[in-house]
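In what follows, a structure is listed as structure tokens, so that the remarks can point back to it.
The values are calculated or read from the model by the stated rules, or taken from the named source; none is laboratory data. Keep in mind the model is a prediction, meaning the values are calculated, not measured. All Cβ positions, even for glycine, are placed from backbone atoms using ideal geometry, and neighbour counts span all protein chains on display.
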Amino acid sequence: MIRESHKSLIEKGLQLEKEGAPEKAIQLYLSVVKKDHLNAAAYNRLMILYRKQKAPRKEMAIINEAIKAYEDNVKAEQSAWMKKNRKAASISKELVKALGLVDKKGAPVNQPTQIITWKKRKENLSHKIT
């Protein structure tokens, strides 16, 4: 059996949307994020489809899942780099604190654009849900 790339699955999902089969598209996108938890395109399409379906709780759940996946990935990458480069990490840690690039817990103040976008979407949605 030949495995399809995530890109081709996203394209199939878009085609299903055009054909008026959003539920099938949703299933495809869910399978993509299950295999590739950092696939922003699939998360974005899911958010859009849930919004169109007026399913705010499902939309909120996928937003939370996407944000967590990305934040966990950033933390894992930082941790791996720090373990591999202990001396540089020690020096860098003091520098980023002095420059105000991290909060008191050591989390980056500046976040990737995708996370910022999703957090804004989450904030807007939370006003509608409550």
Tell me, which helices (runs of 4 or more DSSP H) lie completely within the stretch 3-69 with 2 or more residues that are of a type in the set (Ser, Thr, Tyr)?
22-35, 40-52
Scanning for something out of contact with any helix residue (DSSP H, G or I) (no Cβ under 9 Å at 6 or more places or on another chain), more than 28 Å from LYS12 (Cα to Cα) and of a type in the set (D, E, K, R), does the stretch 61-74 turn up at least one residue?
yes
Among residues belonging to the stretch 65-113 that are of a type in the set (Ser, Thr, Tyr) and under 26 Å from the mean Cα position of the chain (by Cα), point out the one that is nearest to LEU38 (Cα to Cα).
TYR70
With the structure loaded, tell me whether ASN73 is part of a helix (DSSP H, G or I) and either β-branched (Val, Ile, Thr) or under 26 Å from ILE129 (Cα atoms) (or both) or whether it fails that test.
no
Got at least one residue in the stretch 77-85 being under 30 Å from LEU49 (Cβ atoms) and modelled with pLDDT of 80 or more?
yes
Kindly indicate the residue of the stretch 12-47 that is over 18 Å from the mean Cα position of the chain (by Cα) and among the basic types (Lys, Arg) and also surrounded by the fewest Cβ atoms within 10 Å (Cβ to Cβ) among those meeting that condition.
LYS18
Only residues that are hydrophobic (A, V, I, L, M, F, W, C), free of Cβ contacts under 8 Å to residues at least 24 places away in the same chain and under 25 Å from ASN124 (Cα atoms): list them for the stretch 27-50, please.
LEU30, LEU46, ILE48
Answer residue from the stretch 99-117, given it is free of Cβ contacts under 8 Å to residues at least 60 places away in the same chain and assigned to a helix (DSSP H, G or I) and is surrounded by the most Cβ atoms within 10 Å (Cβ to Cβ) among those
ILE115
Output the number of residues of the stretch 16-26 satisfying the condition of being hydrophobic (A, V, I, L, M, F, W, C), more than 21 Å from LYS122 (Cβ to Cβ) and touching a residue at least 12 places away in the same chain (Cβ under 8 Å).
2
Against the definition (more than 29 Å from THR130 (Cα to Cα), in contact with a helix residue (DSSP H, G or I) (Cβ under 7 Å, 6 or more places away or on another chain) and at pLDDT 95 or above), how does LEU28 come out, yes or no?
yes
